Amino acid sequence: ENTRLTGYEDLAGRAVIDARFKYASPFVDGLAQVESDEGVGFIDSDGKVVVPLQFDHALLRFSRDRTVAVADGKAWLIDTTGRRIADLGPWEWPGLRPEESFGDLAQFVGLDDFFADGLIPWPRGDQWGYIDRDGQWVIEPRFEPAQLFHGGYASVTSGGRGQLIDTQGRVVRDVGAGWIAPPDHGLTRVGSAMRWGYLTSDGDWPDVNTGLYFTRCMA
């Protein structure tokens, strides 16, 4: 009573899943995150609960049958049945402001296929490394910030230097006091706090004196 509940309709406006949730997210790969008074979980396209509504928070989707959920102050790597694969330690996320919460992190990750390359960044203390789908460290924490992998490469910062690493943790490009993003459609984006451009075909920095420009780089 006096509570707005959410369900799902088809494109014709017919109710497919009754409005019984406090919150309901979009379906991704056949599953959707929902929330009730019991907690957060996931349902399938028939409205059947497949991940029990027992978590405090969770990322908005699964990637390669894994997602991160929080329960009782701990972060867990779970599968699509809600089974807890790995204990990722107390829930605390470096970089979040006091007024921010897990929901802000979930929006940052969004609906990205975050396990596409088999690894996700995870903090240990004030440093970052990468864990696999079983929650095991593959790249030991040694970075300041670390970003998601895309196409086999991830952007990290080590000792104040912007670097691009591969899934073995090997540095494949170091741009010094700047940032570098993984190649996308043959282009590698680099930049500073003020300007961004794309690496030239021989891997050199763009000429910032003549403005930013686009050029295809060597993969």
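The values are calculated or read from the model by the stated rules, or taken from the named source; none is laboratory data. What you see is a predicted model, and the numbers here were worked out from it, not measured in a lab. Every residue, glycine as well, gets a Cβ built from its backbone with ideal geometry; the counts of neighbours run over all protein chains shown. Accessible surface is based on the protein model in full, side chains and every heavy atom, while ligands, DNA and RNA are left aside. Shrake-Rupley method; radii C 1.70, N 1.55, O 1.52, S 1.80 Å.
Observations, loosely collected:
- Take the Cα of residue 23, step 7 Å toward its Cβ, do the same at residue 97, and the gap between the two points is 1.9 nm.
- For residue 171, solvent-accessible area (1.4 Å; no DNA, RNA or ligand), Å²: 70 Å²
- The fraction of accessible area contributed by carbon and sulfur in the chain is 48 percent, rounded to a whole number (1.4 Å probe; ligands and nucleic acids excluded).
- For the range 13-69, the equivalent ellipsoid derived from the alpha-carbon gyration tensor has semi-axes of 18, 14, 9 Å in decreasing order.
- Percent of C-alpha pairs per 10 Å bin, the range 3-131, short to long: 12, 43, 32, 11, 2, 0
- For the range 1-61 versus the range 148-202, the inter-centroid distance based on Cα atoms is 38 Å.
- Stretch gain in nm, segment residue 4-residue 44, where the contour uses 0.36 nm per residue and the Cα spacing is subtracted: 12.3 nm
- Of the trypsin sites (Lys or Arg not before Pro) in the range 132-170, those whose Cβ has at most 16 other Cβ within 10 Å and which sit in DSSP loop: 170
- If the segment from residue 64 to residue 192 were pulled out straight at 0.36 nm per residue, it would be longer than the present Cα-Cα gap by 42.7 nm.
- Around the amide H of residue 124, modelled in the peptide plane, lie the amide H atoms of 129, all under 5 Å away and 5 or more residues distant in sequence or on another chain.
- A crude spin-label estimate for the pair residue 15 and residue 136, with each label 7 Å from Cα along the Cβ direction, gives 4.9 nm.
- Residue-averaged 222 nm ellipticity for the chain, from DSSP H runs of 4+ at -39500 (n - 2.57), nearest 500: -1000 deg cm²/dmol
- Taking all Cα pairs closer than 8 Å and separated by 6 or more residues, the relative contact order of the range 158-202 comes to 25 percent.
- Each Cα pair under 8 Å and six or more residues apart adds its separation to the average, and for the chain the resulting relative contact order is 8 percent.
- Cα-based values for the chain, radius of gyration first and Dmax second, are 20.3, 65 Å.
- Taking every Cα-Cα distance in the range 109-196 and sorting them into 5 Å bins from zero, the calculated P(r) comes out as 3, 15, 25, 26, 19, 9, 2, 0 percent.
- Whole-Hz couplings from phi, Karplus 6.51/-1.76/1.60, listed for the range 48-62; x for Gly and Pro: 7, 6, 10, 10, x, 7, 10, 9, 7, 8, 7, 5, 6, 8, 9
- Cut-off under 5 Å, modelled amide H: who pairs with residue 138 long-range: 130, 131, 132
- The three principal axes of the C-alpha atoms in the range 95-152 carry coordinate ranges of 32, 26, 19 Å, sorted with the longest axis first.
- Accessible surface computed residue by residue for the chain, with neighbouring protein chains in place and a 1.4 Å probe, gives 56 Å² per residue.
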